[in-house]
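The values are calculated or read from the model by the stated rules, or taken from the named source; none is laboratory data. The shown structure was predicted, so the numbers you read here are calculated from the model rather than taken from an experiment. Heads up, the Cβs are rebuilt from the backbone with ideal geometry, glycines too, and the neighbour counts pull from every protein chain shown. Just so you know, the surface numbers come from the protein's heavy atoms only, side chains and all, with ligands and any DNA or RNA stripped out. Shrake-Rupley method; radii C 1.70, N 1.55, O 1.52, S 1.80 Å.
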Amino acid sequence: MALHRLWRLSSLLRSAVSVTLRRNIGLSAVVFNKAKDLDPVQKLFLDKIREYNTKSKAAGGMVEAGPAYQKNLAEEMTKLQRLYGGGDLTKFPQFKFPDPVLEEVTTK
């Protein structure tokens, strides 16, 4: 009887230790991956994205957009304003749906 209880206690301890070790190994693997240097291709990709972000903030819009791009953009905006009745095409339109007037119907 005592041997059976001892066996049950040891298996319970083994499972608890196993779960704790798995959790700690999983956590340390995440920390290790964060501390490790990135793959050179990933690093280059992230550097280019960050560089583009700083350039776009400095330019206030499209990066390295020349006068031909600006002219083309203005022409297309003019075409769209003619087609769709003017207004500011850079903003989302405001929709207004009035409530319909309903008549009361009585049954006989």
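Points worth noting:
- Among all residues of the stretch 72-81, there is none that is open to solvent by 100 Å² or more (accessible area, probe 1.4 Å) and not acidic (Asp, Glu).
- If the condition is being among the small types (Gly, Ala, Ser) and within 22 Å of the chain's Cα centre (by Cα), then the stretch 36-59 contributes only Ser56.
- The residue pairs whose first member lies in the stretch 61-88 and is over 29 Å from Glu51 (Cβ atoms) and of a type in the set (A, V, I, L, M, F, W, C), whose second member is at pLDDT 85 or above and in a helix (DSSP H, G or I), and whose beta carbons are closer than 8 Å, counting only pairs six or more residues apart or on different chains, do not exist in this structure.
- The stretch 47-75, subset of a type in the set (A, V, I, L, M) and in a loop (DSSP other than H, G, I, E, B), residue nearest to Asp37 (Cα to Cα): Val63
- Scanning the stretch 82-108 for residues that are open to solvent by 100 Å² or more (accessible area, probe 1.4 Å) and either among the acidic types (Asp, Glu) or not in a loop (DSSP other than H, G, I, E, B) (or both) returns Arg82, Leu83, Tyr84, Asp99, Glu103, Glu104.
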